Ligand SMILES: *Cc1c(COP(=O)(O)O)cnc(C)c1O
């Protein structure tokens, strides 16, 4: 079945007989046992809940995984994932990570005895150099946030396979609509479902999708034991959001391309980082491994004053954290997502006082441009 259809019809709910078009919200903490030693398949909602189960089936199908596990947030999913590893294990990670993931690895996983090498994973030879006997996994984001660096997933997967490492890919930016890391050799896919999958800036959620049943078993144990699972109502909101994923992704990308063109011609904009620009270093790899470029744009303005003026003056475009929803949002990575990344490290990556990031929404593109025009003038 085509992914557009799967987004709408991916559920398999057979737990009710009412003919309801939508998956019911099973707002229950616990379930009655039919008899001693018997179960309906549902015992307690931390272990499994029928609404969450349907959402997980949909996400597993979209990402072509054996299983998907729904968490209360993206960070909860990544935190649980780290429980797969033990003291002295080493993980190679992208050096341009989502700020919260960097914070988790740096301040919590390291304290727990894991070690990390932060490298530019868009350079495959840099990754090979970091492999050592304690290495257990490679963790990448592609495109990265906010610098839009692209990593060749298939090339990294080759290194992972040769060295018996898990390849973990955070697919939040492109979603399974545009990119399927498991098809390209990944073992685990991570999502902040808060972003495009939900799409309406109204629900937090996170996912771990596994390629194999074996990995799913290990992670299910961690999921039920550590307990950050998604609530029935939020699971229902996610199912509802995912139904329109395809049209949102297409239209937001169309808006983004229009906007990129406008931005590149604006006198106060010095550079535009968008993977769909042929001049972008990751353009060819993106074309090879993804079906689209998405709708995340970073750009540099001519001065810090211009950046601050723009953020203060926008009206329709909202100055807020997060991304992927129907509303166009602008962020100041230096002060928001990357506030906890050390200054030298941040600036070496180009995340400075002139860098801004746009998550292009579904408004009429001319209205977005009129707003940015007045804010920049
Ligand atoms: C937002 C985000 C996360 C964290 O997800 P939350 O739902 O906010 O906890 C992880 N990775 C990426 C790429 C993100 O954009």
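The values are calculated or read from the model by the stated rules, or taken from the named source; none is laboratory data. Predicted model only: the values in this text are computed from it and were never measured. Because the Cβ atoms are built from the backbone with ideal geometry, glycine has one as well, and the counts that use them run over all protein chains shown.
Residues in segment 272-313 that are farther than 15 Å from residue 334 by Cα, assigned to a loop (DSSP other than H, G, I, E, B) and touching a residue at least 12 places away in the same chain (Cβ under 8 Å): how many?
Of the residues in that region, 14 qualify.
Are any of the residues in segment 325-332 touching a helix residue (DSSP H, G or I) at 6+ places or on another chain (Cβ under 8 Å), in the same structural domain as residue 261 (by TED's automatic domain parsing), in a helix (DSSP H, G or I) and over 25 Å from residue 96 (Cβ atoms)?
Pass one, segment 325-332, residues touching a helix residue (DSSP H, G or I) at 6+ places or on another chain (Cβ under 8 Å): 326, 328, 330, 332.
Now narrow it down to the ones that are in the same structural domain as residue 261 (by TED's automatic domain parsing): 326, 328, 330, 332.
Next cut, in a helix (DSSP H, G or I) only: none.
No - not one qualifying residue is present in segment 325-332.
Which of the residues belonging to segment 281-313 are within 16 Å of the ligand (Cβ to nearest atom) and either over 21 Å from residue 121 (Cβ atoms) or touching a strand residue (DSSP E or B) at 6+ places or on another chain (Cβ under 7 Å) (or both)?
295, 296, 297, 298
Give just the number: which of (1) within 16 Å of the ligand (Cβ to nearest atom); (2) more than 30 Å from residue 117 (Cβ to Cβ); (3) at pLDDT below 95 does residue 41 not satisfy?
The number of the failed condition is (1).
Given the conditions (1) assigned to a helix (DSSP H, G or I); (2) away from the ligand (no atom under 16 Å from the Cβ); (3) surrounded by fewer than 17 Cβ atoms within 10 Å (Cβ to Cβ), and given that residue 108 satisfies all but one, which numbered condition is not satisfied?
Among (1) assigned to a helix (DSSP H, G or I); (2) away from the ligand (no atom under 16 Å from the Cβ); (3) surrounded by fewer than 17 Cβ atoms within 10 Å (Cβ to Cβ), the lone unmet condition for residue 108 is (2).
Filter segment 70-85 for residues that are under 15 Å from residue 227 (Cβ atoms) and away from the ligand (no atom under 14 Å from the Cβ) and give the result.
Within segment 70-85, just 83 meets the criteria.
With the structure loaded, tell me whether residue 324 is within 24 Å of residue 74 (Cα to Cα), crowded, with 22+ Cβ neighbours inside 10 Å and either over 24 Å from the mean Cα position of the chain (by Cα) or in contact (Cβ under 8 Å) with a residue 12 or more places away in the chain (or both) or whether it fails that test.
Numbers: within 24 Å of residue 74 (Cα to Cα): yes; crowded, with 22+ Cβ neighbours inside 10 Å: yes; either over 24 Å from the mean Cα position of the chain (by Cα) or in contact (Cβ under 8 Å) with a residue 12 or more places away in the chain (or both): yes.
It is true that residue 324 is within 24 Å of residue 74 (Cα to Cα), crowded, with 22+ Cβ neighbours inside 10 Å and either over 24 Å from the mean Cα position of the chain (by Cα) or in contact (Cβ under 8 Å) with a residue 12 or more places away in the chain (or both).
Starting from segment 68-97, keep only residues that are over 23 Å from residue 213 (Cβ atoms), then list their pairs with residues that are away from the ligand (no atom under 11 Å from the Cβ) and part of a helix (DSSP H, G or I) whose Cβ atoms are within a distance under 7 Å, requiring at least 6 positions of separation or different chains.
Pairs found: 92/127; 92/130; 93/105.
Looking at segment 314-324, which of its residues are under 25 Å from residue 197 (Cβ atoms), in a loop (DSSP other than H, G, I, E, B) and more than 16 Å from the ligand (Cβ to nearest atom)?
Our first condition is that a residue be under 25 Å from residue 197 (Cβ atoms); within segment 314-324, this holds for 316-324.
Going one step further and asking which of them are in a loop (DSSP other than H, G, I, E, B), we end up with 316-317, 320-324.
Scanning segment 314-324 gives 316, 317.
Would you say residue 247 is assigned to a strand (DSSP E or B) and either over 17 Å from residue 141 (Cβ atoms) or not assigned by TED's automatic domain parsing to the domain that holds residue 191 (or both)?
Details: assigned to a strand (DSSP E or B): no; either over 17 Å from residue 141 (Cβ atoms) or not assigned by TED's automatic domain parsing to the domain that holds residue 191 (or both): yes.
The answer is no for residue 247.
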